[in-house]
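Asks: Dumping the structure here so I can ask a few things about it.
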Amino acid sequence: MKTINRILFFSGLAMLVFVGNSCESDDIDPNDYRFSCFIDGKVFVPEDGRHGETDFSDLLNTKSPSSTKGLTISKQRGYIRVKARNSSGDYVFFWIVDYEIGENLLENSYGRRQGSDAFNYATAKQNNKRYLSKKNSGSVTFTDLSTSPTGTFEFTLYNENDESDVIKVTRGRF
């Protein structure tokens, strides 16, 4: 009987440890933020604390983005760029040219701007590694372009030094 009780006790203890460790306690609700996405299933939000607000027009930068952290949305004639940086210095960035309401593909993307070439691309920095978009590796869908652009995005990004190291940016919204 003692053996059965010990087996039951240790089995129950093992289940508690397993269940406790398998549940992630993410206190971040992405719906509270102007910008959010999931990177390989983990929530990513900008550092600047701009959550729970209803007026985001101050985020629109019509000149040059000077923010080194938080969220910057820059809408220029011919392109829109969005950059969100967290407190660790990790970021998500995308640049869309000749934007329009609806889906804008990263169809000629090389993960960075190349001279005067204008094309859509995305990049991210995660854990001190830079990830770049490739041709047809994602899209940005604009739902509103009035005061401050809003929409959704998804990308597959590739480590610039090791293409087998891939991150998935999903359920993005801004």
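The values are calculated or read from the model by the stated rules, or taken from the named source; none is laboratory data. Since the model is a prediction, treat every value here as computed from it, not as a measurement. Neighbour counts run over all protein chains shown; Cβ positions are idealised from the backbone, glycine included.
Asks: Which of the residues that make up region 136-147 are in contact with a Gly (Cβ under 8 Å, 6 or more places away or on another chain) and either at pLDDT 95 or above or closer than 27 Å to Ser87 by Cα (or both)?
Replies: Val140, Thr141, Phe142, Thr143
Asks: When you scan region 136-159, do you find a residue that is among the charged types (D, E, K, R), touching a residue at least 12 places away in the same chain (Cβ under 8 Å) and either in a loop (DSSP other than H, G, I, E, B) or in contact with a Cys (Cβ under 7 Å, 6 or more places away or on another chain) (or both), even just one?
Replies: No, region 136-159 contains no residue that is among the charged types (D, E, K, R), touching a residue at least 12 places away in the same chain (Cβ under 8 Å) and either in a loop (DSSP other than H, G, I, E, B) or in contact with a Cys (Cβ under 7 Å, 6 or more places away or on another chain) (or both).
Asks: Could you check how many residues of region 96-111 are closer than 11 Å to Gly151 by Cβ and part of a strand (DSSP E or B)?
Replies: Qualifying residue count for the region: 4.
Asks: Tell me whether region 48-61 contains one or more residues that are part of a loop (DSSP other than H, G, I, E, B), basic (Lys, Arg), modelled with pLDDT under 90 and exposed (fewer than 14 other Cβ atoms within 10 Å of the Cβ).
Replies: Looking through region 48-61, none of the residues is part of a loop (DSSP other than H, G, I, E, B), basic (Lys, Arg), modelled with pLDDT under 90 and exposed (fewer than 14 other Cβ atoms within 10 Å of the Cβ).
Asks: Go through Val92, Val82 for me and flag whichever is modelled with pLDDT under 95, under 22 Å from Asp32 (Cα atoms) and buried (at least 17 other Cβ atoms within 10 Å of the Cβ).
Replies: Every option except Val82 fails the conditions.
Here's the yes/no breakdown for (1) modelled with pLDDT under 95; (2) crowded, with 17+ Cβ neighbours inside 10 Å:
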| residue | (1), (2) |
| --- | --- |
| Glu103 | no, no |
| Glu107 | yes, no |
| Ala124 | no, yes |
| Lys134 | yes, yes |
| Pro149 | yes, yes |
| Phe155 | no, yes |
| Asp165 | no, no |
| Gly172 | no, yes |
